Protein chains: 2
Amino acid sequence: MNEISNAELVVLNLLWQRGTLTSAQAVEVLQQTDAGKDWHEKTIKTLLSRLVKKQAIGFEKQGRGYCYFPLLEQESYQRQASHSFIDRLFSGRLAPLVAGFAKDKSLTAEDAAELQKLLDEWKDNNA
Amino acid sequence: MNEISNAELVVLNLLWQRGTLTSAQAVEVLQQTDAGKDWHEKTIKTLLSRLVKKQAIGFEKQGRGYCYFPLLEQESYQRQASHSFIDRLFSGRLAPLVAGFAKDKSLTAEDAAELQKLLDEWKDNNA
DNA sequence: AACTTAAAATTACATTTGTAGTCAGTGAGA
DNA sequence: TCTCACTGACTACAAATGTAATTTTAAGTT
């Protein structure tokens, strides 16, 4: 029911990437990232707890502590969040978002190629 | 400096759409929309005030009250917010977001056509 | 000029979020 | 077995947010 906050999402992203982590590992990794570099250990543990309370992640006992893992699927979260974002900012239209990227030159050649591929596939499936 | 909150964004979107509005007009219109339908008049006025404080909108006196108008440009806000969103959820890659839309069937033919046009233009500009 | 009343300004208050600190329990080492 | 360091649980606290209510001010009306 609850939303994932920005700070929580940083931790969740790491768990999606790694699969499972102890809190100590999460601290170790996050403190070397841009987003988490000046987070206190306690802060990271709080975020883990809040993610557990929100049922975004689960854990199982392992040695002295817990081993955390995602419960919420990344793709499903991304999908829900993307739709919600595009609804709020672009009245639900996807193209204007992409247009913005194209316009401000932040659409890389790689992105363009990938998008073209997606479109070609889409056309195949909708021929 | 401050972020625009979700509730504030609903009001700001309306101002972007209409250009200018008195608070009474904002209330009238918003209460007929999905997002604002159960907002109290006072709530909407609070949101207008907060947007003013955040310098997202301005106002000029008109009759007994104010006439509000956007200060923050919609396109620039959309651009900043899109980049930030895609950074947080997709490590900065645009294509996976679009791929999500393609995958869950919410990419309409119109979207597809528009995206193709964008890509063609991009190719022209980057030939 | 005085009054009324709608707007704006100020205040309110619970919840969420960012960012930790403290307390209590337990496994691992002495 | 006893101790202690580490971990999770609980507590803290200010700022932001959602959602209004109360107070003040000043434009219209009489």
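The values are calculated or read from the model by the stated rules, or taken from the named source; none is laboratory data. This is a predicted model, so every value here is computed, not measured. Ideal geometry is used to build each Cβ from the backbone, glycine not excepted, and the neighbour counts take in all protein chains shown.
If the condition is being within 10 Å of DNA strand D (Cβ to nearest atom) and surrounded by 14 or more Cβ atoms within 10 Å (Cβ to Cβ), then region A:18-44 contributes A:Leu21, A:Thr22, A:Ser23, A:Gln25, A:Ala26, A:Val27, A:Glu41, A:Thr43, A:Ile44. Within region A:18-55, the residues that satisfy the criterion of being within 14 Å of chain B (Cβ to nearest Cβ) and within 12 Å of DNA strand C (Cβ to nearest atom) are A:Ala35, A:Gly36. Against the condition farther than 21 Å from A:Ala113 by Cα, at the interface with chain A (Cβ under 7 Å from one of its Cβ atoms) and buried (at least 17 other Cβ atoms within 10 Å of the Cβ), how does B:Arg88 come out, does it pass? Answer is no for this residue.
Checking each residue of region B:53-64 against the condition of being closer than 15 Å to B:Ile4 by Cβ, at pLDDT below 95 and in a loop (DSSP other than H, G, I, E, B) gives no match. For region A:74-85, state whether one or more residues are farther than 29 Å from B:Glu75 by Cβ and without any contact (Cβ under 8 Å) to a residue 12 or more places away in the chain. Yes; the residues of region A:74-85 include at least one that is farther than 29 Å from B:Glu75 by Cβ and without any contact (Cβ under 8 Å) to a residue 12 or more places away in the chain. Within region A:65-109, restricting attention to residues that are aliphatic (A, V, I, L, M) and over 22 Å from the mean Cα position of the chain (by Cα), which residue is modelled with the highest pLDDT? Residue satisfying both the conditions and the ranking: A:Ala99.
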